[in-house]
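The values are calculated or read from the model by the stated rules, or taken from the named source; none is laboratory data. None of the values given here were measured: they were computed from a predicted structure. Counting neighbours? That spans all protein chains shown, and the Cβs are built from the backbone with ideal geometry, glycine included.
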């Protein structure tokens, strides 16, 4: 009998408990023994809840119970979650988490403890819950080198951008609607400014580089400046706009990571990953390109990912499954050095000046009078920035091209 | 030091040897010891080949060499490949294969031997080489129930259909071109009649049902009857035509599997999986829908999948990783009972009669004089078949809708 504890009885926590209950027979068959939830840790009480009797408030009970071999940390945050995870791993108990902030910040340390104690720190649910990307990198691409990853990793911003595109609605209005529907938080900064996405790409970059990528050093640009006018030009060019997280390791071993809105062709494999879906494109030296899509969040998809980690721990007692990355900080290349093409939306009256300043740029025709659009040739971010600075308020918006 | 033998030095075999050589440092780091190819078994000699000295002609040498713990069977066929695989597994050596025919036909038996001998029979490369679908079902969805799978699993037919769609070219001409380019075999039946696809979906259905699905009993329809006229109607309706492999387990536990061309909206997640790419959509009870895309074949993508299996064996000595399925035959539901909508292309002169016979059918407008197109309402395959039989040669083609 494998007994687990669930830390945090919110949306994901209740999903994990529900899944383990509903799929009990299947889990027993696959793990070779029964898997059941013994404790649910939460500060609140849940009178009337079917699992009311499992709720405890004292983490010590869980830590000291030798029957508990696996914990699901679905509390979030880097305070108590960090302390509890560390203590559990040091006691040789495996921890499965959906907490991207904690993995991005302390992953290397926690994985090292798991390795030392022959248990596991698993985090499939921390990035794109409905896509088994962590397992794919950790074990499906065992013989291959992942060179780069491009992903749509945040459902809230993807929902907003999709609505803006399909309905021609403006950012503020769609955000408000998303908040009313519960798709966006009342305080939406972590999503719309790209911080949530930045943490997720930092985790993937950790796995690619084998070192610790500081999520605070991932160059991040959000979606708040994207307008319906930008979408009008994108549409005229057969393109769309998505918030992309990207990272890679260049031939010389240097690593880079960034989050920003990009214009990309609708036929691009991420071009029609819409609404709350996530999509990840991965480029490997042998396999070439592979693409994964699925729900990014939601109670049951996330719970399915956490529970798959629980099963992996249950089936590998005494054995560390996840490859760790080192605590040494990965030095990220300055993104100002990265090259791409840019879309520029400029004041109509300054259209000639912009075209002159960006030699080789191509106009994008959209039926608008107020502004004009251009695609620049491929150039370094720094150079584009410098020319735009000179042109001052002639430049209304600037969006990278994939 | 982990020493392996590669059985068959064709395209995939040479890819495996090349990959293990090129990624040696990475494999050593991940496996914790060196991985190297000791033998290459082939009937031919390869004078001048850089690995000429590893080529042997006698399987006995490999079988009797205690240094060899892992074999890659990339010969194909169900004759010698079956005998060699069985002998190796019975000697406790793991086998990694790309041989879909063998896995589809004798998978249950070979997995049982591997389980008994505490070694592994691995077959990631047998279905959609560039997509880690076997691992995903075996270990990423450990806590979830896969309800159904729909895939584009054959690059040759997908290349032909894509060319027909994009260039308005007819089947014969595109097939000839594909043969000249080496994308289709000189004897293309196994691909174009859907047999190759049928074997692959049988393997996935084995994993879903936990029983043995006889590949010869998978209802299979090829692409040879698809015409440019069908694509004209598909285009008019915003759709395309793909050869889909589908399988599933219904709520009552009954299983079904089939291969047939389908019309599907271009926005469907498989609608723009074009050319030689493969795509797989998977529906789980908790996770919902997930989608995977990548190269279906090719030397290095397939080699990457075989080598990932080798690494998994290397990292799990004495431990069986793959869940086996039973040798008991899965009883497949009669596909005549399955329900779907159908596209019918009919003689223009018989258009009225067809519309009368299929109450509730919807005309599809395309600029053609010779024929007319209809979408039927959802109906059982058997019922559609019966009405079509009555209408005789008024029906020019019939294609299922997704």
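Going by the structure shown, is residue B:253 surrounded by fewer than 24 Cβ atoms within 10 Å (Cβ to Cβ), free of Cβ contacts under 8 Å to residues at least 60 places away in the same chain and within 13 Å of another protein chain (Cβ to nearest Cβ)? When the stated conditions are applied, residue B:253 passes them.
Has the range A:382-391 got any residue that is touching a strand residue (DSSP E or B) at 6+ places or on another chain (Cβ under 7 Å), modelled with pLDDT of 95 or more and part of a helix (DSSP H, G or I)? Yes: one or more hits. Would you be able to say whether some residue in the range B:226-248 is closer than 23 Å to residue A:132 by Cβ, surrounded by fewer than 23 Cβ atoms within 10 Å (Cβ to Cβ) and modelled with pLDDT of 95 or more? There is at least one residue in the range B:226-248 that is closer than 23 Å to residue A:132 by Cβ, surrounded by fewer than 23 Cβ atoms within 10 Å (Cβ to Cβ) and modelled with pLDDT of 95 or more. Condition check for residue B:285 on (1) surrounded by 17 or more Cβ atoms within 10 Å (Cβ to Cβ); (2) at the interface with chain A (Cβ under 9 Å from one of its Cβ atoms); (3) closer than 28 Å to residue B:331 by Cα: one failure, at (1). Among the candidates A:289, A:309, A:274, the residue that is touching a residue at least 60 places away in the same chain (Cβ under 8 Å), on the phi < 0 side of the Ramachandran plot and in contact with a strand residue (DSSP E or B) (Cβ under 7 Å, 6 or more places away or on another chain) is uniquely A:309. So, residue B:260, is that one closer than 24 Å to residue B:249 by Cα and facing chain A (nearest Cβ under 10 Å) or not? In short, no.
With respect to being under 30 Å from residue B:317 (Cα atoms), in contact with a strand residue (DSSP E or B) (Cβ under 9 Å, 6 or more places away or on another chain) and crowded, with 23+ Cβ neighbours inside 10 Å, residue A:218 falls outside the description.
Filtering the range B:339-363 to residues that are part of a strand (DSSP E or B) and touching a helix residue (DSSP H, G or I) at 6+ places or on another chain (Cβ under 8 Å) leaves B:339, B:340, B:342, B:343, B:344, B:345, B:346, B:347, B:363.
With respect to the conditions (1) under 11 Å from the mean Cα position of the chain (by Cα); (2) at pLDDT 95 or above, residue B:129 falls short on a single one, namely (2).
Inspection of the range A:297-305 identifies no residue that is surrounded by 20 or more Cβ atoms within 10 Å (Cβ to Cβ) and more than 12 Å from chain B (Cβ to nearest Cβ). The set of residues in the range B:138-173 being within 28 Å of residue B:96 (Cβ to Cβ), in a helix (DSSP H, G or I) and either away from chain A (no Cβ under 11 Å) or at pLDDT 95 or above (or both) consists of B:155, B:156, B:157, B:158, B:159.
Could you tell me how many of the residues in the range B:174-215 are buried (at least 24 other Cβ atoms within 10 Å of the Cβ) and outside any helix (DSSP H, G or I)? Total satisfying the criteria: 2. Just one of the listed residues (A:308, A:330) is within 11 Å of chain B (Cβ to nearest Cβ), touching a helix residue (DSSP H, G or I) at 6+ places or on another chain (Cβ under 8 Å), closer than 23 Å to residue A:115 by Cβ and buried (at least 20 other Cβ atoms within 10 Å of the Cβ), and it is A:308.
Of all the criteria given as (1) at pLDDT 95 or above; (2) more than 14 Å from every other protein chain (Cβ to nearest Cβ), the one not satisfied by residue B:293 is (2).
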